Each structure stands twice: as structure tokens, then as C-alpha cells.
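What follows is a set of notes on a single structure, which appears directly below.
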Amino acid sequence: MPYDRAQPSSVNKFQNSHAKLLLDSHRSLLKRDLLDPSTAEIGRALYEAPMVVLAHDTAADPVFFYGNLAAQQLFEMGWEELVQLPSRFSAEQVAREERQRLLDLVTRQGYIDNYAGVRIAKSGKRFLIEQATVWNLLGPEGQVVGQAAAFDHWVPIV
């Protein structure tokens, strides 16, 4: 599935279609809402949310197509750089096998809750993410069209 990788703005309603995909898939699989369902501008609300939210496509080497402001700050990348990054580079080389096992499990189960793992920012700063939820993104026919993650707990590793 091709994704619009234009930076969220008022022109594209802060990538409202991406937000809808992430939120609807989350609700369908986890039976709970990621954001307050009465939120009027879901695109803007997700983009400006204090939790980190990321999503990647289903390419052989998945590439991020979404990362909200909190994700951009944590990973120390602007939108343009983040949405060109193969998602495997969000983990250190030594953690990539563990990360791949996680993604394979999500593919089979639909989601996992309470995930923890080490990730790395552009500068090389390492941090432990905790209590993360990772879920499949479901297309109109229920097919997997990507995966997303959300978390609001992380600890710097010094």
C-alpha cells in the first residue's frame, strides 16, 4: 500500500487518513481507543499527542511512513528524515534480531502489549522503551498493511 509521506499540516489535515488507519486498527485489535474517540481533529491530535506513535509499511525492509512530533523528538529526526528510515534502524544492530522476533509475533497475533526494548536516536543516544503497544495496521479487507507502535514510557541509557 503506498503511503503519503508528506509532512502533517493543516493542508492534509495532519495526515488524517494515517491517523484513522492507526486508530481504527488499534480499536479493532485491542478493543480500546488510543485517543479519546470524541476528538474532532484526530490527525492533529495524534500528531501532537504526548505519547510516541510510529508506523511502518510492509516493504521487505519496512520504512516508517508516520512518526508524530513526540517520535521525532525522541529519535532526534525531522519528519522528512524519519519517513525515509527503514524501521530496523530505530534499534541498534545487536537488538535487531530481537526486534524482528517482536514484529513476527505481532504479525501472527495481531498485537502485543507491554513491550520493552532498547532503541537508538540519531545522535546515538540509547533509551529503553517500556509499556509499548505494537499492532498490525489493517486495510479495508482486513489485510495487514503495516505495523504501528505507541508508548509514553522510556528511560535514557547512559
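Results for (1) in contact (Cβ under 8 Å) with a residue 40 or more places away in the chain; (2) within 17 Å of T133 (Cβ to Cβ), shown as yes or no for each residue.
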| position | (1), (2) |
| --- | --- |
| A55 | yes, yes |
| A59 | no, no |
| G67 | no, yes |
| Q72 | no, no |
| L82 | no, no |
| S87 | no, yes |
| S90 | no, yes |
| R99 | no, yes |
| L105 | no, yes |
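In this structure, is V145 β-branched (V, I, T), at pLDDT 95 or above and surrounded by fewer than 21 Cβ atoms within 10 Å (Cβ to Cβ)? Spell out the reasoning first.
Working: β-branched (V, I, T): yes; at pLDDT 95 or above: yes; surrounded by fewer than 21 Cβ atoms within 10 Å (Cβ to Cβ): yes.
In short, yes.
How many residues, within segment 18-41, are modelled with pLDDT of 95 or more and outside any helix (DSSP H, G or I)?
Taking segment 18-41 first, the residues modelled with pLDDT of 95 or more are 18-35, 41.
With outside any helix (DSSP H, G or I) added as a condition, the list becomes 31-35, 41.
The qualifying residues number 6.
Could you tell me whether segment 14-28 includes any residue that is more than 19 Å from V145 (Cα to Cα) and over 15 Å from the mean Cα position of the chain (by Cα)?
Yes, that holds for at least one residue.
Residues checked against (1) in contact with a helix residue (DSSP H, G or I) (Cβ under 8 Å, 6 or more places away or on another chain); (2) surrounded by fewer than 17 Cβ atoms within 10 Å (Cβ to Cβ):
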position	(1), (2)
P8	yes, no
L23	yes, no
H26	no, no
W79	yes, no
S90	yes, no
Q93	no, yes
V106	no, no
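In the list P37, P2, P62, which residue meets the criterion of being within 15 Å of the chain's Cα centre (by Cα), surrounded by fewer than 18 Cβ atoms within 10 Å (Cβ to Cβ) and of a type outside the set (A, V, I, L, M, F, W, C)?
Details: P37 fails: within 15 Å of the chain's Cα centre (by Cα); P2 fails: within 15 Å of the chain's Cα centre (by Cα).
Exactly one of P37, P2, P62 is within 15 Å of the chain's Cα centre (by Cα), surrounded by fewer than 18 Cβ atoms within 10 Å (Cβ to Cβ) and of a type outside the set (A, V, I, L, M, F, W, C), namely P62.
Out of the residues in segment 108-129 that are farther than 18 Å from P86 by Cβ and among the charged types (D, E, K, R), which is surrounded by the fewest Cβ atoms within 10 Å (Cβ to Cβ)?
So, considering only residues that are farther than 18 Å from P86 by Cβ and among the charged types (D, E, K, R), the one surrounded by the fewest Cβ atoms within 10 Å (Cβ to Cβ) is R108.
When you scan segment 10-17, do you find a residue that is farther than 20 Å from G142 by Cβ, of a type in the set (V, I, T), in contact with a strand residue (DSSP E or B) (Cβ under 7 Å, 6 or more places away or on another chain) and modelled with pLDDT of 95 or more, even just one?
Looking through segment 10-17, none of the residues is farther than 20 Å from G142 by Cβ, of a type in the set (V, I, T), in contact with a strand residue (DSSP E or B) (Cβ under 7 Å, 6 or more places away or on another chain) and modelled with pLDDT of 95 or more.
With the condition being in contact with a Ser or Thr (Cβ under 8 Å, 6 or more places away or on another chain) and not β-branched (V, I, T), I'd like the strands (runs of 3 or more DSSP E) fully within segment 44-158 carrying at least 2 qualifying residues. Write out each step before concluding.
Numbers: elements: 52-56, 64-67, 111-120, 126-138, 144-151, 153-157.
Because the criterion is at least 2 residues that are in contact with a Ser or Thr (Cβ under 8 Å, 6 or more places away or on another chain) and not β-branched (V, I, T), the strands (runs of 3 or more DSSP E) in segment 44-158 that meet it are 52-56, 111-120, 126-138, 144-151.
Inspect all residues belonging to segment 10-20 and state whether any of them is in contact with a Ser or Thr (Cβ under 8 Å, 6 or more places away or on another chain) and surrounded by 14 or more Cβ atoms within 10 Å (Cβ to Cβ). So that I can check it myself, show each step before the final result.
The first filter runs over segment 10-20 and keeps only residues in contact with a Ser or Thr (Cβ under 8 Å, 6 or more places away or on another chain), leaving none.
No, segment 10-20 contains no residue that is in contact with a Ser or Thr (Cβ under 8 Å, 6 or more places away or on another chain) and surrounded by 14 or more Cβ atoms within 10 Å (Cβ to Cβ).
The values are calculated or read from the model by the stated rules, or taken from the named source; none is laboratory data. Since the model is a prediction, treat every value here as computed from it, not as a measurement. Neighbour counts run over all protein chains shown; Cβ positions are idealised from the backbone, glycine included.
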